[in-house]
Amino acid sequence: MIINNALQKVQRYNQLCVHYNLVADSIYRVRNEDDNVFGTRFLPFLVAALIVFDLGRMMGSGAEMRYDPSNAGFAARLTEKLQAIQQYLQHLTNARLCNINIAEERENILNAYYLLSAGGSNSLNQKGDEFHVGATKIMHFLCPELFVIIDSNTAKAFRIAHNVGFRNTTQPGYTADNYIKCLSCAQADIREMGATKFCILENDTPMARIYDKLSFVTGANWLQQSR
């Protein structure tokens, strides 16, 4: 269901999500020029992407707290998280979803997800709540060919199309295990279509980003509304 009418879904997403595309395309360019996406040079671009991708309300106010890791704010916490997850994701920064052995990488993915999504005093959420959607967005921008983004719209798409155990609520029950299931389902969809045919949907766009567009439009039911 998610890959049905794939080209039309990509076109519909691009029509309605220009702001997301502008920042995503920019961060991919910067990322390709940086040898260390876990370091301080890439940090401000990652922060900017998270703000545009609707996470600003969870990051606290003030540019210094968001961008300057020397202040005790979001940038400092994100810097610590990036250093902690590097051991789990460094070898996956150029991995592609169509090729990866998810079972072999399961523990690395789970460990990174747990660290990024955890609540508490060192949470990336300024209120100390868990940071599940943000975790998937960070993982995506670090490894854009591999990690899909999961928010309420994409969770709905995975629930309906692949019976992943999300609830039909505003907070659909994000978990690390559900994230692994989503990766497996996305991989199966891409392999079913064929990786080459899938990537032709939008040349020069990372594989997981193309799938994000399909799942987002599916969950939001935008293609149906445009008719």
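What follows draws every value from the coordinates through simple rules; no lab data is involved. The structure presented is a predicted model; accordingly, all values stated were derived computationally and were not measured. Glycine gets a Cβ as well: all are built from the backbone with ideal geometry, and neighbour counts include every protein chain shown.
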Comparing Y88, Y211, Y113 in a Gaussian network model of the chain (Cα, 10 Å), the one with the largest mean-square fluctuation is Y88
Mind sorting S123, S117, S70 by how few other Cβ atoms lie within 10 Å of their own Cβ, fewest first? S70, S123, S117
If each residue's Cβ is checked for other Cβ atoms within 10 Å, how do H162, H19, H140 rank with the fewest at the top? H19, H162, H140
Between 0 and 90 degrees, rounded to the nearest ten: what's the tilt of helix 18-32 against the longest Cα principal axis of the chain? 70 degrees
Along the Cα→Cβ direction, 7 angstrom out, place labels at A95 and N111. What is the inter-label distance in nm? 1.2 nm
Report the FRET efficiency, 1/(1 + (r/R0)^6), for I160 and A84, where r is their Cβ-Cβ distance and R0 is 41 Å, rounded to 0.05. 0.75
Length-normalised contact order of the chain in % [C-alpha pairs under 8 Å, at least 6 apart]: 23 percent
Cβ-based exposure ranking for K127, K81, in which fewest neighbours within 10 Å come first: K127, K81
Indicate the gyration tensor shape class of region 167-227 (rounded, prolate or oblate), computed on the Cα atoms with a ≥ b ≥ c the square roots of the eigenvalues: a/c under 1.5 is rounded; otherwise a/b larger than b/c is prolate and the rest oblate. oblate
In this model, which of K137/K197; K156/K213; K156/K197 are farther than 21 Å apart at the alpha-carbon? K137/K197; K156/K197
Which of these, I210, I27, I100, has the largest mean-square fluctuation under a Gaussian network model of the chain (Cα springs below 10 Å)? I100
Work out, step by step, the length gained on full extension between Q224 and N21: first 0.36 nm times the residue separation, then minus their alpha carbon distance; give nm to one decimal. 70.9 nm
Given the Cα-Cα distance of T170 and A63 and 0.36 nm per residue of separation, how much length would full extension add, in nm? 35.6 nm
Checked region 102-192 against the a/c 1.5 cut and the a/b vs b/c comparison, axes a ≥ b ≥ c from its Cα gyration tensor; verdict oblate
What ratio of Cα Rg to 2.2 N^0.38 Å holds for the chain? 0.96
